[in-house]
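The values are calculated or read from the model by the stated rules, or taken from the named source; none is laboratory data. As the structure is a prediction and not an experimental result, all values here were calculated from the model. Cβ placement follows ideal geometry from the backbone for every residue including glycine, while neighbour counts extend to all protein chains displayed. Remember, those area values only see protein heavy atoms, side chains included, never the ligands or the DNA or RNA. Shrake-Rupley method; radii C 1.70, N 1.55, O 1.52, S 1.80 Å.
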Amino acid sequence: GGARPEAADGRPVPGHEDFRPRIVPYYRDPSKPYKKVLRTRYIQTELGFHERLFVAVLTSKATLNTLAVAVNKTVAHHFPRLLYFTGLRSAKVPHGMVLVAHGDERPIWLMYETMHYIHQHFGSDYDWFYIMQDDTYAQAEQVKALVTHLSINQDVYLGRAEEFIGGDEQARYCHGGFGYLISRSLLLKLHPHLDSCRNEILSVRPDEWLGRCIIDFLGIACVSQLQGQHYHTYELAKNTEPEKEEEEEFQAALAVHPVSDMTMMYRLHKHFSRIQLDRAYQEIQDLQMQIRNLTSLTPAGEGGLTWPVGINAPFLPKSRFEVISWDYFTEQHLFSCPDGSPKCELSGASKADVSEIIESALEQLNSRYQPLLRFSKRQLLNGYRRFDPTRGMEYTLDLLLEAVTQKGHSHILAKRVSLVRPLSKVEIIPMPYVTEATRVQLVLPLTVQDLDFVANFLDMFAMNTLDTHDNALLTLLFIYHPYDAQRVSQVDVFAGVKAMVGELEKRYAEVKIPWISVKTEVPSQVKLMDIVSKKHPVDTLFFLASVWTEINMEFLNRCRMNTISNWQVFFPVHFQEFNPALVYRGEQTASSSTDFMRDGHFDRHSFAEACFYNSDYMTARTKLAADILDRDEVLESMEVFDVFLHYSSLHLFRAVEPGLVQKYALRSCNPRLSEELYHRCVLSNLEGLASRSHLAMALFEQEQANST
């Protein structure tokens, strides 16, 4: 079964290439100069991978805003890439559609230009090309499943095979109304002959013209069955009711044609979606039955059967710190609020979630007990929900129900139900491409209270960026108190820092570390960033640092990768070491990295560090300025995080960052800042003292010492 045909000289027969991997030994000619190999942007490009399916929809100016829109709304989101081709375009292209206009409505010319365009722009990127008309309804999932079962190593021309009028009975072309599938290998072979076909073949229908071109120059006819796969189609008659159509041919169709209007397109989509949904539910029931039958044969027996059947068992915590808490809710309020308040109004997605869960619970109860009983909701007494990352969202509802019998008798009863919204298909979110070569501009604000920590910051910066020639620059921001600013000519409080900067510039001749002096009593992060932003280009990638930050290459690379211009900003949560006097109490500090990470915590109250592009900050800052007008005092209660959160549509990526470690230091909290910022600073100091066990041990030892 594993043998392959070979010719007399031992070489593989053409058409039976060996796709097994070969190890190609590396050899470099010593006589030629060494040339650095340029790697491709993506690994799939380097390995020669292709995307699976490209879809082209042939439309016209007359039907672009009707049938083409219906196609786009029904199947476009199922296909990875879909383009619309037309001769002439209307003045306004419908939203969400990628349109290619060739400038000529002649059908043959449209087909010729479309095939030429597909080859030129997508011929090297996709394995399969599906061509359909805008009056065709195609079952997208069925088409995608079809190409997964076909070999890419053959010239494929698959569709509804039709005879040429007055032509050879053996020759067939694929009817364009029902769509057809062309392989990449066939497209590559066909492209050199397109010009000859345009000049030599006369035809009225574009699908006949393309079929004749493929047959005459490649000798390949259209087939409706290939490699055990059937291309099922259905011709839609006038006044057909899709909901009442019971023919097996209709139920199994991949493509339906002709579709006369948008309404019929939507009705077909609804009908086939219902068929696929019923099949999915039936498959789930069959799988659950198989699981039940097999569970009795396992060592755990029927006791090992989880609910719901086929869903992962609930997470079992190993300690009290791993227990997943339940959130309590009613139909009006939520008692676990994002801002920490004990009670808030149920609204938005949470309200829709609760309404859907209650509706689903009633539907399940009625489907189980009807026709004997029919339930209706009176009130939600109690509601609980929690997110289990191993299985999904779990709900427990206490419902006050009215049960009505077949004879019309009613009774009020309370019933507890449990529901699970399981985690479904995981999708990889497409993200714009970024590299680790972007220059990072570090911004370090300094006050008088920070002077004791500047030397360590500059040493770490020199060792981890300047010595390694990392693409990173540093700008210092000296924040003078008005009293110190008046005496700067006699006594400069930042003279020592400026001297250290001068030493660095002498040691590294190519490095310049500029500084900016600011006079203020309230060092608002937003106001300071406004000054820095104006002095740098719009494409600058900023890393807003604190004086306790220890810069390293690992974090800088993550700053580059996690910050995407016009898409995402990054606010890392640094790791804060505990007070060594409380943690170690005179003992030797931990040496291993595991113990080290245990002697601290991730400071979720701090938003001092941030990575973002200057252009994104300027856009958000412009919206903020329009909102607050001339009330600059509002800026004292805001941080850069608040600017992006409330005045930007970008993704805010907030994540723990083990590469950003800070030694313990008691921060000075400025009481002139807003109450929220001051309270957050105090909390950061308190939680950064030590863990609960360390604090308990310190109190215990103090009580022991006092008692003696």
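Of note:
- If the condition is being free of Cβ contacts under 8 Å to residues at least 24 places away in the same chain and part of a helix (DSSP H, G or I), then region 504-513 contributes GLU505, LYS506.
- Among the residues making up region 337-375, those that are free of Cβ contacts under 8 Å to residues at least 12 places away in the same chain and among the basic types (Lys, Arg) are LYS343, LYS351, ARG368.
- Among the residues of region 193-227, the one identified as of a type in the set (Gly, Ala, Ser) and at pLDDT below 90 is SER203.
- One residue stands out among those in region 54-78 that are part of a helix (DSSP H, G or I), of a type in the set (Val, Ile, Thr) and more than 17 Å from LEU110 (Cβ to Cβ): the one that is most open to solvent (accessible area, probe 1.4 Å), which is VAL69.
- Exclusive hit being touching a strand residue (DSSP E or B) at 6+ places or on another chain (Cβ under 9 Å), of a type in the set (Ser, Thr, Tyr), farther than 14 Å from LEU362 by Cα and touching a residue at least 40 places away in the same chain (Cβ under 8 Å), set THR438, THR390, THR396, THR405: THR438
- Which numbered condition VAL501 fails, given (1) more than 24 Å from THR619 (Cα to Cα); (2) not in a helix (DSSP H, G or I): (2)
- Residue that is most open to solvent (accessible area, probe 1.4 Å), among those in region 337-372 that are touching a Ser or Thr at 6+ places or on another chain (Cβ under 8 Å) and not in a helix (DSSP H, G or I): LEU372
- Every condition in (1) surrounded by fewer than 17 Cβ atoms within 10 Å (Cβ to Cβ); (2) within 36 Å of the chain's Cα centre (by Cα) holds for ASP642 except the one numbered (1).
- For the condition in contact with an Asp or Glu (Cβ under 6 Å, 6 or more places away or on another chain), modelled with pLDDT of 80 or more and open to solvent by 70 Å² or more (accessible area, probe 1.4 Å), LEU88 qualifies.
- For region 83-110, a residue qualifies if it is in a loop (DSSP other than H, G, I, E, B) and of a type in the set (S, T, N, Q), and exactly one does: SER90.
- Residue match in region 453-464 (condition: open to solvent by less than 10 Å² (accessible area, probe 1.4 Å), assigned to a strand (DSSP E or B), touching a strand residue (DSSP E or B) at 6+ places or on another chain (Cβ under 9 Å) and of a type in the set (A, V, I, L, M, F, W, C)): no
- Search result, residues across region 668-695 that are open to solvent by less than 50 Å² (accessible area, probe 1.4 Å), among the small types (Gly, Ala, Ser) and not in a helix (DSSP H, G or I): SER674, GLY688, ALA690, SER691
- Within region 270-307, the set of residues being assigned to a loop (DSSP other than H, G, I, E, B) and surrounded by 13 or more Cβ atoms within 10 Å (Cβ to Cβ) comprises LEU305, THR306.
- Qualifying positions in region 308-334 - surrounded by 11 or more Cβ atoms within 10 Å (Cβ to Cβ), touching a residue at least 24 places away in the same chain (Cβ under 8 Å) and in a loop (DSSP other than H, G, I, E, B): PRO308, GLY310, ILE311, ASN312, ALA313, PRO314, PHE315, ILE324, TRP326, THR330, GLU331
- Scanning region 386-442 for residues that are open to solvent by less than 20 Å² (accessible area, probe 1.4 Å) and over 24 Å from GLU356 (Cβ atoms) turns up VAL440, GLN441, LEU442.
- Residue within region 230-237 that is under 23 Å from ILE275 (Cα atoms), in contact with a helix residue (DSSP H, G or I) (Cβ under 6 Å, 6 or more places away or on another chain) and either modelled with pLDDT of 90 or more or surrounded by fewer than 19 Cβ atoms within 10 Å (Cβ to Cβ) (or both) present: yes
- Residue within region 651-662 that is within 15 Å of ALA608 (Cα to Cα), polar (S, T, N, Q) and buried (at least 17 other Cβ atoms within 10 Å of the Cβ) present: yes
- Qualifying residue in region 548-556 (condition: β-branched (Val, Ile, Thr) and either modelled with pLDDT of 90 or more or surrounded by fewer than 17 Cβ atoms within 10 Å (Cβ to Cβ) (or both)): no
- Residue under evaluation ARG106, criteria (1) without any contact (Cβ under 8 Å) to a residue 40 or more places away in the chain; (2) in contact with an Asp or Glu (Cβ under 8 Å, 6 or more places away or on another chain); (3) not aliphatic (A, V, I, L, M), criterion not met: (2)
- Filter pass, ARG507 being of a type in the set (Lys, Arg), open to solvent by 10 Å² or more (accessible area, probe 1.4 Å), modelled with pLDDT under 90 and out of contact with any Asp or Glu (no Cβ under 6 Å at 6 or more places or on another chain): no
- Out of ALA665, ALA620, ALA698, one residue alone is open to solvent by less than 30 Å² (accessible area, probe 1.4 Å), aliphatic (A, V, I, L, M) and assigned to a loop (DSSP other than H, G, I, E, B). It is ALA665.
- Which numbered condition SER517 fails, given (1) at pLDDT 90 or above; (2) of a type in the set (Ser, Thr, Tyr); (3) under 33 Å from the mean Cα position of the chain (by Cα): (3)
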